[in-house]
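Comments concern the structure below.
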Amino acid sequence: MSWDQVFVLLGILLGLSGGAFGLWWGRKQAARNRGLDERYQVISSKSQATAWKITLGAIYFLFILLICGVQLSVAPTLGILLLIHMAGWAFSSVYFNVKL
């Protein structure tokens, strides 16, 4: 294993642990400020459902690209799907926060 691979693995693990800590800390602070109410639950479930619909659309688009002859490798494709899913989740959360 080269040093580049070690640093990439370390970055992935640090990003994962930082995200988990941020999620835990954010929920703790939201509970302290009475932010985990019914409105939060509705917004959370709607934004997650919307993010999965956006991801499904992206999967169909990538399959169409594959049928058209575009060469897709696994790692970049999964990275694209992860980015689309997380961005869809974030944007739909903002949308439902503004709308509701």
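Which pairs have Cβ atoms under 8 Å, sit 6 or more apart or on different chains, and link a residue in the range 77-89 that is more than 10 Å from T55 (Cβ to Cβ) to one that is not hydroxyl-bearing (S, T, Y)?
Qualifying pairs under 8 Å: T77/L62; I80/A58; I80/L62.
Which number in (1) exposed (fewer than 10 other Cβ atoms within 10 Å of the Cβ); (2) touching a residue at least 40 places away in the same chain (Cβ under 8 Å) marks the one condition that R39 misses?
Going through the list (1) exposed (fewer than 10 other Cβ atoms within 10 Å of the Cβ); (2) touching a residue at least 40 places away in the same chain (Cβ under 8 Å), R39 breaks only (1).
Give the residue that is farthest from V8 (Cα to Cα), with candidates limited to residues of the range 48-85 that are open to solvent by less than 100 Å² (accessible area, probe 1.4 Å) and in a loop (DSSP other than H, G, I, E, B).
Ranking the candidates gives G69 first.
Return only the number of the condition from (1) part of a helix (DSSP H, G or I); (2) open to solvent by 100 Å² or more (accessible area, probe 1.4 Å); (3) of a type outside the set (S, T, N, Q) that R34 does not satisfy.
It fails just one condition, (1).
The values are calculated or read from the model by the stated rules, or taken from the named source; none is laboratory data. It should be emphasised that the depicted structure is a prediction, and the values quoted were computed from it without experimental measurement. Reconstructed Cβ throughout: ideal geometry from the backbone, glycine too, with neighbour counts over all protein chains shown. Accessible surface areas use protein heavy atoms only, side chains included; no ligands, DNA or RNA. Shrake-Rupley method; radii C 1.70, N 1.55, O 1.52, S 1.80 Å.
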